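*Asks:* Take a look at this one; I'll ask things after.
Computed from the coordinates by the stated procedures, all read-outs in this text should not be read as laboratory data. Here the structure is a predicted model, which is why all the values come from computation and not from measurement.
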């Protein structure tokens, strides 16, 4: 493998690690300092591929200033459906 190939792999690895660290940090902040609110399941999307089933659950809620926000739920149970009310924990700056 030439130097260019090695540098490309190192670059991709660095981007992946940075993204994983950012995600873990944000998750920890929400767990420790997040604000609970009630939201409504807005949609359930099945991004199925031949190799795996990937279901994404979206919920809508209102911020402190009344703006409606939609976000993807992490670790959502599989039995949620559109219109269902759920308790959410969101980042302080978005509520």
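*Asks:* Between 38, 55, 15, which gets the highest mean-square fluctuation from a Gaussian network model of the chain, Cα cutoff 10 Å?
*Replies:* 15
*Asks:* While we're looking at this one, here's another question. Please give the length that would be gained between residue 65 and residue 50 if that part of the chain were fully extended, namely 0.36 nm times their separation in residues minus their C-alpha to C-alpha distance (nm, one decimal).
*Replies:* Answer, rounded to one decimal: 1.1 nm.
*Asks:* For the chain, rounded, prolate or oblate, judged on the Cα gyration tensor with a ≥ b ≥ c (square roots of eigenvalues), a/c < 1.5 rounded, else prolate if a/b > b/c?
*Replies:* Since a/c reaches 1.5 but b/c is at least a/b, the shape of the chain is classed as oblate.
*Asks:* Express the relative contact order of the chain as a whole percentage, based on alpha carbon pairs under 8 Å and six or more residues apart in sequence.
*Replies:* Relative CO of the chain lands at 32 percent.
*Asks:* How tilted is helix 3-33 with respect to the longest principal axis of the chain? Cα atoms for both, answer in degrees (0 to 90, nearest 10).
*Replies:* 20
*Asks:* If I build a Gaussian network model for the chain, linking alpha-carbon pairs within less than 10 angstrom, which residue out of 66, 11, 83 has the largest mean-square fluctuation?
*Replies:* Its mean-square fluctuation being the largest, the pick is 11.
*Asks:* With the chain treated as a Gaussian network of Cα nodes joined by springs under 10 Å, which of 18, 76, 59 yields the largest mean-square fluctuation?
*Replies:* Result: 18 has the largest fluctuation of those listed.
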